[in-house]
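Since the structure comes first, as structure tokens, the remarks are kept for the end.
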Amino acid sequence: PALCVPWPEYGSTLEDDIVSDTSSMFRRVLVSLATGNRDEGTFVDETLAQQDAQCLYEAGEKKWGTDEVQFMSILCTRNRCHLLRVFDVYRGIANKDITESIKSEMSGDLEDALLAVVKCMRNKPAYFAERLYKSMKGLGTDDSTLIRVMVSRSEIDMLYIRREFLSMYGKSLHSFIKGDCSGDYRKVLLRLCGGED
């Protein structure tokens, strides 16, 4: 419902903005995610999980070309517990992880979006830890990603993101920020980080 209400600051709806700024299947994925149609329960229907895994296999690995709609409809609507079971069953059917299939069957923004969905379903803090790491590694900093993640997750799951970051990269998020940023910008980010691990 909130998707259809115009944003007071912008005079348009989120769906309007997604439709005007994106195209094709990527647009459909974003609209599907933005409408909030995902089942938020925890029930796993084993028969449906088997069917979903088989459906994903037949929509990608088993056929010439890819039926992106099948991937989108399953990955964007099923609950997290159910999808985790689907991913396990899928590995048994396809002899590869669902992320490998997405990478081999899709490309561009659609690939990125569906990989993000899978990673978030598996471990949301790890997904954000990876985003933070990639925003700061190498030369230059992806400030928009760094700021967006730090601000949006600071009062939600930053402690878990910090733990995942340390586990995944062997260095604390705090020290990574300290080494990558400077001045007041660094002070604000370190405050949002919440401490050294």
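What do you get for GluC sites (Glu not before Pro) in the stretch 94-197 restricted to DSSP loop and a cutoff of at most 16 other Cβ within 10 Å of the site's Cβ?
Here the GluC sites (Glu not before Pro) that fit, given the DSSP loop and packing criteria, are Glu155, Glu196.
Report the Rg/Rh value for the stretch 116-180, based on alpha-carbon coordinates and the Kirkwood definition of Rh. Don't skip to the answer; put the middle values down first.
On the way: Rg = 10.9 Å, Rh = 11.7 Å.
Dividing the radius of gyration by the Kirkwood radius yields 0.93.
Over the stretch 41-197, give the accessible area per residue in Å² for a 1.4 Å probe, as an integer.
Details: 8250 Å² over 157 residues.
Here the residues of the stretch 41-197 average 53 Å² of exposed surface.
Just to be sure I understand the model, the point goes 7 Å from the Cα along the line to the Cβ. What's the resulting Cys81 to Asp39 distance in nm?
About 1.1 nm, to one decimal.
Roughly speaking, to the nearest percent, how much of the chain's 1.4 Å accessible area is carbon and sulfur?
Roughly 51 percent of what the probe reaches on the chain is carbon or sulfur.
Going through the stretch 49-114, which trypsin sites (Lys or Arg not before Pro) have at most 14 other Cβ atoms within 10 Å and a DSSP loop state? Don't skip to the answer; put the middle values down first.
Values: sites: Lys62, Lys63, Arg78, Arg80, Arg85, Arg91, Lys96, Lys103; in loops: Lys62, Lys63, Arg78, Lys96.
Filter output for the stretch 49-114: Lys62, Lys63, Lys96.
How many Lys pairs in the stretch 92-197 lie less than 27 angstrom apart by Cα atoms, where the lysines are 8 or more positions apart or on different chains?
24
Once the cut-off is 20 Å, how many percent of the Cα-Cα pairs in the stretch 22-98 end up in the long-distance tail? Spell out each step's value before the answer.
Details: 950 of 2926 pairs.
The calculated P(r) of the stretch 22-98 puts 32 percent of pairs beyond 20 Å.
Once R0 is set to 30 Å, what does the formula 1/(1 + (r/R0)^6) return for the Cβ-Cβ distance between Asp88 and Ser182, expressed as a FRET efficiency to the nearest 0.05?
Numbers: r = 45 Å, r/R0 = 1.49.
According to the calculation, E is roughly 0.10.
Taking a probe of 1.4 angstrom, what is the accessible area of Leu189 in Å², to the nearest 10?
Estimated to the nearest 10 Å², Leu189 gives 10 Å².
Taking the radius of gyration and the Kirkwood hydrodynamic radius from Cα positions alone, what is the Rg/Rh ratio for the stretch 81-145, to two decimal places? All intermediate terms of the calculation are to be shown ahead of the outcome.
Numbers: Rg = 13.8 Å, Rh = 13.2 Å.
Result for the stretch 81-145 is an Rg/Rh of 1.05.
When every alpha-carbon pair in the chain is counted, what percent end up more than 24 Å apart? Mind showing how you got there, number by number?
On the way: 9760 of 19306 pairs.
Distances greater than 24 Å cover 51 percent of the Cα pairs.
Give me the angle, in degrees from 0 to 90, between the Cα long axis of helix 80-94 and the longest principal axis of the Cα atoms of the chain, rounded to the nearest 10.
60 degrees
Within the stretch 24-96, which chymotrypsin sites (Phe, Trp or Tyr not before Pro) sit in a loop by DSSP and count at most 12 neighbouring Cβ atoms inside 10 Å? Mind showing how you got there, number by number?
Values: sites: Phe26, Phe43, Tyr57, Trp64, Phe71, Phe87, Tyr90; in loops: Phe43, Trp64.
For chymotrypsin sites (Phe, Trp or Tyr not before Pro) across the stretch 24-96 that sit outside H, G, I, E and B with at most 12 neighbouring Cβ atoms in 10 Å, the list reads Phe43, Trp64.
Could you sort Ser73, Ser104 by accessible area so the largest value comes first, with the probe set to 1.4 Å? Please report the intermediate quantities before stating the final value.
Details: Ser73 45, Ser104 70 Å².
Descending order: Ser104, Ser73.
Compute the distance in nm between two label points, each set 7 Å from the Cα along the Cα-to-Cβ direction, one at Thr141 and one at Arg191.
Placing both labels 7 Å along Cα→Cβ, they lie 1.5 nm apart.
The values are calculated or read from the model by the stated rules, or taken from the named source; none is laboratory data. No experiment lies behind these values; they were computed from the predicted model shown. For neighbour counting, all protein chains shown are included, and Cβ atoms are generated from backbone atoms with ideal geometry for every residue, glycine included. Calculation scope for accessible area: heavy atoms of the full protein, side chains included, ligands and nucleic acids excluded. Shrake-Rupley method; radii C 1.70, N 1.55, O 1.52, S 1.80 Å.
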